[in-house]
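Q: Okay, here's the structure, questions in a sec.
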Amino acid sequence: MVEKHKKPTLKDVAELSGVSVISASRVMSGGPNISQNLRRKVELAAKSLGYQRNRIAGSLRGQTSDLVSVILPSMSNNVFPNIMDGLSESLQDTPLRLVLGMTQYSNVKEEDILRDMLSWNPAAVVLAGLEHSAETRALLATYDGPIIEVMDTDGEATDIAVGVSQIAAGELIARHFTSRGYRNVGYIGAWGERPVRSRKRRIAFEAELEKLGNPIKAVRICEEASSIMIGAREMERLLAENEHVDAVFFANDDLALGALLYCQREKIAVPQDVAIAGFNGMEMAQMISPCLTTLRTPRFEMGRMAGELLCQRIEGTLARKQSVHELPVTLILGETS
């Protein structure tokens, strides 16, 4: 039987470091105006004893915890994991720790997760997109810490927004298709367009095509989550219903890759018979042959900037005012258009 050792207490840390329990508590909770010498003594004592601060207990007493609440739609492809990687890198030299909740693009789930996470008094909250339900907005209005919204800059930020212009992205690919001479353009999306960002991008894509005298000919939005398999299925259906379509823009690279694989299987020449373009600039899309034309979104950089900004706000070096930080979308000219 493994011998159980007594868990070290804050009193043990105070005694070993030769300070009062109150002083030790202030150091361990990250209190202000603490000398470097005092902080070093207490932290060394805590480390030698294996003492771990109970952050949850602290949050229950109304103190801000070291947790950063991150609420994202899905981790099914590399879009949001890339953002998490950027966030994690920016926080690695801080005491802040990421806690993740996933909504599957459900407003109700976003509300429930946010309500639970706010009860922990997080140091900051990170969410996807600028559009939220009335209940989520009401919950955010009760929270006094930094709120970072990632992925989108087309709209009003609750606090700080870091992302790309979905409207500019849709317009960019419309101009690309038109400049290449494609005149029977289609679009394929997924998730029932619950991601408002996808809908903004599609609407901008259609509007720009119209402005260029090249109106869209076919649109398919399926209810399922995006995947390579869904992309192949929806491409088959779109071409069956619209045989003259000569270019298709997809809501993301997963769908576009599925469409490309379908065309290869069916001996449909890409881009000679039909052009394909995706969105997000996933690494895998650049490794296949032909490599995919897509729009690259700087997701890692987005996450890193979000982390840096929330740290600046917590430290008091960033003013408490609404701000929008737009990163560029880059057209990657592959071999599929």
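Every number here is computed from the coordinates shown, using simple stated rules; none is lab data. Since the structure is predicted, the reported quantities are computational estimates derived from the model, not experimental observations. Cβ placement follows ideal geometry from the backbone for every residue including glycine, while neighbour counts extend to all protein chains displayed.
Q: Ranking 171, 15 by Cβ neighbours within 10 Å, fewest first, what do you get? Mind showing how you got there, number by number?
A: Numbers: 171 19, 15 15.
Ordered by Cβ neighbours within 10 Å, fewest first: 15, 171.
Q: Pull up the cross-link candidates among the aspartates and glutamates for residue 47, meaning alpha carbon to alpha carbon under 14 Å and not fewer than 8 places away within one chain.
A: Partners within reach: 12, 15.
Q: Can you pull the semi-axes for the chain, root of five times each eigenvalue of the Cα gyration tensor, sorted largest first, whole Å?
A: 49, 20, 17
Q: What FRET efficiency do you get for residue 9 and residue 224 if R0 is 51 Å and r is their Cβ-Cβ distance, rounded to the nearest 0.05?
A: Step by step, r from the Cβ atoms, then E = 0.45.
Q: Fewest to most neighbouring Cβ within 10 Å: what's the order for 191, 120?
A: Placing the least packed residue first, the sequence is 120, 191.
Q: If the cut-off is 17 Å between C-alpha atoms, which aspartates and glutamates fall inside it for residue 217, apart from same-chain ones fewer than 8 positions away?
A: 171, 206, 208, 234, 236, 241, 243, 246, 273
Q: Okay, moving on. Put +1 on the Cβ of every Lys and Arg and -1 on every Asp and Glu Cβ in segment 127-201; which of 166, 130, 145 then has its Cα farthest towards the positive end of the dipole?
A: Farthest towards the positive end: 166.
Q: Would you tally the net charge around residue 233, using a Cβ to Cβ cut-off of less than 11 Å, leaving residue 233 out, and scoring K and R as +1, D and E as -1?
A: -1
Q: Would you mind checking the tilt of helix 79-91 against the longest principal axis of the Cα atoms of the chain, expressed as 0 to 90 degrees and rounded to 10?
A: Rounded to the nearest ten degrees, it is 30.
Q: Something else about it: Here are some pairs, 200/321; 109/200; 211/321; 7/41; which of them have Cα atoms lying more than 30 Å apart in this structure?
A: Violating the 30 Å Cα-Cα cut-off are 211/321.
Q: So if we plug the beta-carbon distance of residue 39 and residue 119 into 1/(1 + (r/R0)^6) with R0 = 41 Å, what FRET efficiency do we get, rounded to 0.05?
A: 0.90
Q: In the neighborhood of residue 78, defined by Cβ-to-Cβ distances under 11 Å, what is the net charge if each Lys or Arg adds +1 and each Asp or Glu adds -1?
A: Local charge sum for residue 78: -3.
Q: Can I ask one more? For residue 252, which sequence-distant residues (separation of 5 or more, or a different chain) have an amide H within less than 5 Å of its own amide H, given hydrogens modelled in the peptide plane?
A: Here 279 satisfy the definition.
Q: What angle, in degrees between 0 and 90 and rounded to the nearest 10, separates the Cα long axis of helix 196-211 from the longest principal axis of the Cα atoms of the chain?
A: 30
Q: Along Cα→Cβ, 7 Å out, is where each label goes; now give me the distance between the ones at residue 319 and residue 52 in nm to one decimal.
A: In this crude spin-label approximation the distance works out to 4.2 nm.
Q: Which percent, to the nearest 5, of DSSP beta bridges fully inside segment 152-296 are antiparallel?
A: Numbers: 0 of 14 bridges.
For segment 152-296, the DSSP antiparallel bridge percentage is about 0.
Q: While we're here: Could you compute how fast segment 166-296 diffuses translationally, taking Rh as the Kirkwood radius over C-alpha pairs and applying Stokes-Einstein at 25 °C with viscosity 0.890 mPa s? Give it in µm² per second.
A: Roughly 173 µm²/s, to the nearest whole number.
Q: Follow-up. Quick one: work out the % antiparallel among DSSP beta bridges in the chain, nearest 5. Intermediate values should be presented prior to the final figure.
A: Working: 3 of 39 bridges.
The antiparallel proportion sits near 10 percent.
Q: Rounded, prolate or oblate, given the Cα gyration tensor of segment 51-177, with a/c below 1.5 counting as rounded?
A: Prolate shape, in that a/c is at least 1.5 and a/b is the bigger ratio.
Q: For the chain, find the longest principal axis of its Cα atoms and tell me its angle to the long axis of helix 299-315, 0 to 90°, nearest 10.
A: It is inclined by approximately 30 degrees.
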